[in-house]
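The values are calculated or read from the model by the stated rules, or taken from the named source; none is laboratory data. Being a predicted model, the structure only gives us computed values, none of them experimental. Cβ placement follows ideal geometry from the backbone for every residue including glycine, while neighbour counts extend to all protein chains displayed.
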Amino acid sequence: MKTISRGIRILLIVFLLALFIYNRLMYIKEEPLRRPLGQLVEVDGRNMSVYTEGKGERTLVFMAASAVAAPILEYKPLYTLLGDDYRIVVIEKFGYGFSDVVDGERSFETMLRQDREALSKAGIEGPFILCPHSMSGIEAILWAQMYPDEVEAIIGLDMSVPGAYGKEDFSWKRHLLAYLLAAGREIGIVRLFFTDSTFSDALTHHEKDIYRAVASSNYCNKNVRSEGGETHPKSHRSDKQ
């Protein structure tokens, strides 16, 4: 039994080492796939990605859920159905998609300021119909509270509200999982999660390759991990309003 156990450990180490090397080689090979699909604008001295398509007088702004690696592609199956009637905008916050990973705190006030600045620099004017997914719903609520003239409506895509989060959501187990996922990205384990069957059939094979390349380089990075602590009700002003 000791011999079998030792053999299993050796095989596991060899497998992880081989996966790590393969992941690094693929990271270099996939560099062309990580070229921005949208427009890059400068916010706080770093690049932020904003994607637009479609036509129409009303503007839908898609806001990504936490840890969505490539928002532009994640929401494409939905927004391509709406482009004939609406102008489509997808904001990729810092740490998401083709935007830079940055230093500094990630409060909802900060993310809202950066999102508004990115839209302004991209030449996109309101009012907006916000389409937040999951945790970004809290930012959308704050947006409507602070700048009501800019928000025509909020269409929640299974969106969160501040009261949905409690202390138990931010236990050491949650933080440990986030760091394990980040470590899995570095080793290459996360790459194994994003198989073709993971993606919508609405995406082309090339788009699936782009998504996989982006996810393998940015999944659960420090910006995404630091957002988690901002969702606690006591840390956000909208719970008091």
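The single condition from (1) surrounded by 12 or more Cβ atoms within 10 Å (Cβ to Cβ); (2) at pLDDT below 95; (3) out of contact with any Pro (no Cβ under 7 Å at 6 or more places or on another chain); (4) of a type in the set (Gly, Ala, Ser) that ALA153 fails is (2). Taking segment 201-217 as the range and being surrounded by 14 or more Cβ atoms within 10 Å (Cβ to Cβ) and either touching a helix residue (DSSP H, G or I) at 6+ places or on another chain (Cβ under 6 Å) or within 18 Å of LYS76 (Cβ to Cβ) (or both) as the test, the residues that pass are LEU203, GLU207, LYS208, ASP209, ILE210, TYR211, ARG212, ALA213, VAL214, ALA215, SER216. Being part of a loop (DSSP other than H, G, I, E, B) and among the hydroxyl-bearing types (Ser, Thr, Tyr) is the filter; apply it to segment 177-208 and report the residue that is nearest to ASN221 (Cα to Cα). Checking each candidate, the answer is THR195.
Residue-wise test of (1) basic (Lys, Arg); (2) surrounded by fewer than 14 Cβ atoms within 10 Å (Cβ to Cβ); (3) assigned to a helix (DSSP H, G or I).
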{"site": "ILE28", "(1), (2), (3)": "no, yes, yes"}
{"site": "PRO32", "(1), (2), (3)": "no, yes, yes"}
{"site": "LEU37", "(1), (2), (3)": "no, no, no"}
{"site": "VAL41", "(1), (2), (3)": "no, no, no"}
{"site": "THR52", "(1), (2), (3)": "no, no, no"}
{"site": "SER66", "(1), (2), (3)": "no, no, no"}
{"site": "ALA69", "(1), (2), (3)": "no, no, no"}
{"site": "LEU73", "(1), (2), (3)": "no, no, yes"}
{"site": "PRO77", "(1), (2), (3)": "no, yes, yes"}
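The set of residues in segment 107-149 being under 16 Å from ASN47 (Cα atoms) and in a loop (DSSP other than H, G, I, E, B) consists of ALA122, GLY123. Taking the criterion of being touching a helix residue (DSSP H, G or I) at 6+ places or on another chain (Cβ under 9 Å) and among the hydroxyl-bearing types (Ser, Thr, Tyr), the residues of segment 45-58 that qualify are SER49, TYR51.
TYR27 - would you say it is of a type outside the set (Gly, Ala, Ser) and within 16 Å of SER217 (Cβ to Cβ)? Yes, satisfied.
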